[in-house]
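See below for the structure under consideration.
Just so it is clear, none of the values below were taken in a lab; they were calculated from the coordinates. On a predicted model such as this, the values are computed, not experimentally measured, just so you know. No Cβ is skipped: glycine too gets one built from the backbone with ideal geometry, and neighbour counts run over all protein chains shown.
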Amino acid sequence: MLVALVSFTTVSASTLREEELEVFLANFTAADPAYQDWCLDTMKGSKPAASQNTQDVFIWRNLFLDRTVRGERGFYVDSGANDYRKLSNTFFFDKCLGWDGLCVEADPQYHAGIRAHRSCKLVPQCISNSAILMPFKFAGVGGHVGGTHKLPGETLVQCNPLHIMLRQAGASSNVDFWSLDVEGHEQVVLGSVEWHRVHVKVLLIEDFWVSNRQLDWQLTQLAMIKAHQLAIDSLYVHLRETALLPAHRWWYPSGFHLAWSRSEAFRIKVMHSQSCASLANETWLPVRRKRSVVSSATKNN
């Protein structure tokens, strides 16, 4: 059962002075007491965040800090939840901030960990434009939805529209933060959402394997503006929620820029191993089977 949460008001982004932030952290209590020290160290930047490249703390500090100080909680959707903690963009929001949400993950190897260690509602499905069974290739972090016909090594999984998942979970259709990371299938997922039924304030999309320009064009038509390009992600904010953006300049965690060189090194390694040197716009597009408008819950590298 999901807890009713206070909706965020649209006010200016963080205006806290450093001394005010220090006072807040000195009196901060983590939603999960077992993670009190980790949360404080992560907020201060003295310990690694759960996200692959500190995206969680970057988003919190720049877009949601003031709401946290006011005692407000939010709601997230993590599609491609994968491991309950490793590389998670929402573990921090769960354990430190007490947010609730949906963890959409079709691969059963991750279900026990999510149920045992997270407060989110596990949805063991994939996102699609209708209620349908789709082939799924279970391959850990590289797992993904298949094509229209089941092939050897694939398993049929239930898929549903996002608004149906939210309704069945008893959650609001207003999503404060959506983390979308589904192994190159991101645009397919976006195309399956009935956007008049769901309002997303902040959207983080892993765009490492997709065309940035195509993604920008697709989301601009949905009233989502690109707020920041990260090393392996694009950050979008809804036009009605631009007051969430920093009033003056962005705050960056220590070493945040190093993710660019790491990601490019990984890209070159993959391209070399697959003997693929084709580039599309700014981003390499891997060759994949065509599939229907459906997405799996899976996480990249």
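Tabulated values for the structure
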item: Fewest-first ranking of TRP217, TRP99, TRP195, using other Cβ atoms within 10 Å as the exposure measure; result: TRP217, TRP195, TRP99
item: Sorted by Cβ density within 10 Å, fewest first, the residues CYS103, CYS96; result: CYS96, CYS103
item: Proxy reagent accessibility, fewest Cβ within 10 Å first, across LYS121, LYS47; result: LYS47, LYS121
